[in-house]
Amino acid sequence: MSAPSLPPTLARNPRLGRWLRFRRDGIVEVHSGKVEIGQGILTALAQIAADELDVDPSQVRMVPACTARSPEEGVTSGSLSIQHSGMALRQVCCEARAIYLAAAARALGVDATTLLVRGGRFDAGGGRSTSYADLADDALLDRDATGAGTPKAPEAHERVGTPAMRLDLPDKVMGRPRFVQDLLPPGMLHGRVLRPPSPGARLESLDESKARALPGVVAVVRDGSFVGVVAEREEVALTALGHLRGAARWHESETLPDETRLAEWLRAQPHETTPVASRASASATPPPAKTLKATFTRPFIAHASVAPSCALARWEGERVHVWSHTQGIFNLRADLAIAFALPPEAIVVEHREGAGCYGHNGADDVALDAALLARAVPGRPVRVLWSREDELAWAPFGPAMAVDIAVDLDAAGEVLLWRADVWSNGHSSRPGRAATPTLLAATHRAEPAPPIVAINMPLATGGGSDRNATPGYDLPGLEIANHRVLAMPLRTSALRALGAFANVFAIESMVDDISHVRGEDPVGWRLRHTADPRGRAVIEAVAARAPWALWKAREGFGRGFGYARYKGNGAYCAVAVEVELTHRVRVTRLAIAADVGLAVNPDGVANQLEGGAIQAVSWTLKEAVRFDRTRVTSDRWESYPILRFSEVPAVEAIVLQQREAPSMGAGEAAMGPTAAAIANAVFDAVGVRVRDLPLTAERIAAAS
Amino acid sequence: MIELDVNGTLRTTPASPDTPLVYVLRNDFGLAATRVGCGAEQCGACVVLVDGAPKYACTLRAADAAGKHVSTVEGLVRDGEPHALQRAFLEEQAAQCGYCVSGMLMRAAALLESNPSPDDAAVRAALEPQLCRCGSHNRIVRAVLRAAAAMKAR
């Protein structure tokens with residue numbers, strides 16, 4: 001008999017003590033390699049640990065991830081944290097509980113099976129008991145997980161599956177320091193970086209004298225086209241930055257594509273083509289009676305987090321400590337090690353929370369900025385904060401995409417063959433995966449890292465632009481290909497849902513066109529092509545809600561539906577919306593249902609679904625990175641507007657709890673179905689099919 | 001030295017008069033709740049109350065706040081008791097990342113001061129200048145309405 005298999009991140013980090021530590025004061029430290037990015041993961045992991053250990057949630061302390069001691073769990077991305085860290089922690093806690101139970105039995109001189117475990121105490125009855133705290137001894141967990149033991153059955157869960165209050169919110173609501181931006185260690189200096197004016201810019205000359213002469217300026221750092229300043233006070237750093245900006249001469253060049261012709265640009269670039277899916281019809285296929293062909297596009301989209309990216313760094317000799325809101329502490333460490341030609345052990349990356357993170361944003365880049373500036377002032381911590389302009393113009397973008405779809409229909413309008421070609425830059429340029437650093441400043445230094453070309457992760461691990469390129473419906477024939485564009489004038493990387501946003505928008509728009517050709521109810525078409533009962537359940541759940549079921553046709557209004565199973569193997573999600581068309585498009589009501597398997601924190605899942613849907617409304621109606629041939633021009637909130645309070649629809653989020661099913665991520669499932677539902681509602685309202693995002697009144701007029 | 005009244009306590013800063021108030025609050029006074037978002041009055045993360053009116057601390061000169069009452073989130077807690085708005089934000093779990101929360105709280109506090117019984121539309125109108133990227137808007141509106149009801153019941 002083979003050894004029981006361990007969850008993958010536990011197999012990579014089998015030492016139990018790396019995950020869990022019992023303290024004498026009754027606190028249980030939980031060390032996850034996953035990080036809080038505003039999604040509530042720490043709370044869900046604490047629920048899992050509390051249930052499995054039989055401790056009170058108030059005893060659980062989630063320790064910020066740190067390369068010096070946390071388990072290596074890769075990147076907090078892809079809606080995988082519960083699957084990875086949650087399952088690893090569950091097994092760790094299960095084994096740790098057994099170890100402590102045995103120790104308690106020995107200490108009390110009783111049989112372990114007679115002990116009642118509750119609130120962190122082992123009770124033998126008759127007033128005799130001990131506890132994790134009494135028995136706390138790091139040596140007990142200084143051993144590898146074996147895979148032995150069976151985690152609790154769903155019916156034994158008290159916390160898991162029940163709404164829990166977020167552990168991080170009290171600090172944030174009471175205004176206590178919590179974010180990386182709030183760190184204020186003694187002796188801290190303030191750093192600012194002068195970013196180039198455009199992606200193709202090179203620094204020709206810089207007169208640093210005026211900045212250096214400013215009282216309180218400690219260092220001006222220049223390394224090729226990388227320029228930064230360190231000052232005793234933040235406002236002095238800002239003033240010095242202004243002086244540097246005025247004294248810098250740049251050589252700029254036209255490196256950017258025509259923003260009005262992105263689909264043509266994508267198709268004209270060198271690219272790498274890979275098959276995504278191919279399925280021939282089982283029966284002899286009649287010649288198509290009709291072929292529906294269309295191209296769908298999305299523009300470059302910005303993360304547009306409300307906080308500018310931030311990091312701290314402090315050098316001691318040839319060692320550096322970095323505080324960062326990165327999604328991957330070990331990945332960042334790997335790139336910093338290359339950038340400074342240091343062994344990874346010389347670098348500690350410690351996580352601190354930043355503002356909402358929706359993918360690979362500027363967090364890693366600013367960490368290199370901070371390390372470069374702090375090197376000029378050994379022994380002193382330097383805090384670097386990006387500007388709003390840096391954030392909107394220099395953080396990686398979600399790539400522009402074009403999706404060409406052609407669907408062969410038979411005489412009855414039934415699908416014979418679904419073909420799709422996806423055109424896009426790669427969706428990942430995360431650090432830690434290449435031989436050279438992908439961090440922004442590395443490409444600006446005197447000895448620059450070579451320009452990177454974003455990749456797509458293999459489809460088996462989630463894919464990139466090909467994510468959800470294959471329709472999840474039961475269709476006879478499929479031919480799906482992905483074309484990764486190899487020219488990358490704008491830096492692209494992972495943004496929430498990756499390719500699934502554009503692919504699901506395209507597929508679900510096409511599905512409505514097919515239903516329309518057949519004169520069939522679009523929900524009926526989706527149900528007719530979905531055998532999976534869990535998929536059917538979310539479709540039916542949303543179809544029963546107000547925006548769809550109670551909807552009354554009236555002038556200027558429309559309703560629309562969208563559905564997808566995220567990644568083809570993740571959360572099932574359906575969305576229905578009502579839109580109102582005036583001089584602009586407004587989503588008035590939205591219902592979303594999802595089946596994420598076991599929802600550890602159902603309120604957290606609902607919050608993620610609603611938040612995802614609202615962000616998707618914003619992407620769909622308003623957002624596009626703007627640029628001329630030289631510069632990114634949408635570097636302020638005025639030029640990159642996002643959805644505001646008056647534009648936010650009423651949202652009903654429904655979580656279909658599945659206690660017996662494995663948990664799946666909730667953070668990204670809403671994006672594609674929401675975009676599609678909006679486009680379909682616009683079609684319903686005015687009979688106009690808009691295939692290019694953002695979906696504005698001008699685009700509707702142009703398509704009419 | 002500039003002397004400032006923040007949450008009823010007089011404090012001094014060596015900052016130059018032109019220094020935006022937000023940096024004085026955060027770096028000199030250790031009051032981290034007032035957050036930097038855009039530096040251009042466009043997102044509301046830095047909103048504080050100056051003599052009761054919402055102001056952007058990212059552009060307000062420190063010298064211009066002298067002689068006035070500056071209120072921040074840290075000042076919402078009275079005698080260790082959270083403000084009704086803070087309770088309501090927790091009860092509604094009205095945040096995801098939480099970075100925008102401080103500005104929301106201060107803008108909402110000003111609203112409830114002038115309008116103790118706002119409806120949904122009034123709350124949305126008041127919060128219109130505040131940006132939230134995570135999509136917590138509806139929970140935030142519910143939290144403000146809940147706080148209003150709680151304050152009236154008292």
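Side notes on the structure shown:
- Some residue of region A:644-653 being assigned to a loop (DSSP other than H, G, I, E, B), within 13 Å of another protein chain (Cβ to nearest Cβ) and surrounded by fewer than 20 Cβ atoms within 10 Å (Cβ to Cβ): yes
- Filter result (free of Cβ contacts under 8 Å to residues at least 60 places away in the same chain and of a type in the set (Asp, Glu)) within region A:666-704: A:Glu698
- Residue match in region A:573-585 (condition: over 19 Å from the mean Cα position of the chain (by Cα), away from chain B (no Cβ under 14 Å) and more than 26 Å from A:Val682 (Cβ to Cβ)): no
- Among the candidates A:Leu332, A:Leu342, A:Leu256, A:Leu292, residue that is more than 14 Å from chain B (Cβ to nearest Cβ), under 18 Å from A:Phe397 (Cα atoms), in contact (Cβ under 8 Å) with a residue 12 or more places away in the chain and surrounded by 15 or more Cβ atoms within 10 Å (Cβ to Cβ): A:Leu256
- Test: residue in region A:609-628 that is more than 23 Å from the chain's Cα centre (by Cα) and either away from chain B (no Cβ under 12 Å) or not in a loop (DSSP other than H, G, I, E, B) (or both): yes
- Flag if A:Phe300 is crowded, with 17+ Cβ neighbours inside 10 Å, among the aromatic types (Phe, Trp, Tyr) and farther than 25 Å from A:Ala400 by Cβ: no
- Selection within region B:25-57 - hydrophobic (A, V, I, L, M, F, W, C) and over 21 Å from A:Trp386 (Cβ atoms): B:Phe29, B:Leu31, B:Val48, B:Leu49, B:Val50, B:Ala53
- Filter pass, A:Ala363 being within 30 Å of A:Thr285 (Cα to Cα) and touching a Ser or Thr at 6+ places or on another chain (Cβ under 7 Å): no
- Test: A:Leu266 is part of a helix (DSSP H, G or I), surrounded by 18 or more Cβ atoms within 10 Å (Cβ to Cβ) and not assigned by TED's automatic domain parsing to the domain that holds A:Leu368: yes
- Any hit, region A:679-699, residues being touching a Lys or Arg at 6+ places or on another chain (Cβ under 6 Å) and surrounded by fewer than 18 Cβ atoms within 10 Å (Cβ to Cβ): yes
A quick yes/no check of all residues on (1) modelled with pLDDT under 95; (2) over 24 Å from A:Leu609 (Cα atoms); (3) outside the structural domain of A:Ala676 (by TED's automatic domain parsing); (4) β-branched (Val, Ile, Thr):
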{"residue": "A:Pro286", "(1), (2), (3), (4)": "yes, yes, yes, no"}
{"residue": "A:Leu292", "(1), (2), (3), (4)": "no, yes, yes, no"}
{"residue": "A:Pro299", "(1), (2), (3), (4)": "no, no, yes, no"}
{"residue": "A:Leu312", "(1), (2), (3), (4)": "no, yes, yes, no"}
{"residue": "A:Trp315", "(1), (2), (3), (4)": "no, yes, yes, no"}
{"residue": "A:Arg319", "(1), (2), (3), (4)": "no, yes, yes, no"}
{"residue": "A:Ile338", "(1), (2), (3), (4)": "no, yes, yes, yes"}
{"residue": "A:Pro343", "(1), (2), (3), (4)": "no, yes, yes, no"}
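- Pick from region A:220-237, criterion more than 31 Å from the chain's Cα centre (by Cα) and in a helix (DSSP H, G or I), ranking: nearest to the other protein chains (Cβ to nearest Cβ): A:Glu235
- The residue of region B:93-108 that is farthest from the chain's Cα centre (by Cα), among those that are in a helix (DSSP H, G or I) and more than 7 Å from chain A (Cβ to nearest Cβ), is B:Ala108.
- When residues in region A:483-533 are screened for being over 18 Å from A:Leu262 (Cα atoms), touching a residue at least 40 places away in the same chain (Cβ under 8 Å) and of a type in the set (S, T, N, Q), 2 of them pass.
- Among the numbered conditions (1) touching a residue at least 24 places away in the same chain (Cβ under 8 Å); (2) in a helix (DSSP H, G or I), the only one that A:Gly558 does not meet is (2).
- Of note, A:Ile514 does not satisfy the criterion of being touching a Ser or Thr at 6+ places or on another chain (Cβ under 9 Å), modelled with pLDDT of 95 or more and part of a helix (DSSP H, G or I).
- Every pair of residues 6+ apart whose Cβ atoms lie under 9 Å, when the first sits in region B:70-86 and is within 11 Å of chain A (Cβ to nearest Cβ) while the second is modelled with pLDDT under 95: B:His83/B:Val77; B:Gln86/B:Val77
- Residue in region A:181-195 that is more than 9 Å from every other protein chain (Cβ to nearest Cβ), free of Cβ contacts under 8 Å to residues at least 60 places away in the same chain, in contact with a strand residue (DSSP E or B) (Cβ under 8 Å, 6 or more places away or on another chain) and under 28 Å from A:Pro396 (Cα atoms) present: yes
- Residue ID - farthest from A:Asp512 (Cα to Cα), chosen from residues in region A:277-332 that are touching a strand residue (DSSP E or B) at 6+ places or on another chain (Cβ under 6 Å) and polar (S, T, N, Q): A:Ser324
The values are calculated or read from the model by the stated rules, or taken from the named source; none is laboratory data. Here the structure is a predicted model, which is why all the values come from computation and not from measurement. Backbone-built Cβ (ideal geometry, glycine too); neighbour counts: all protein chains shown.
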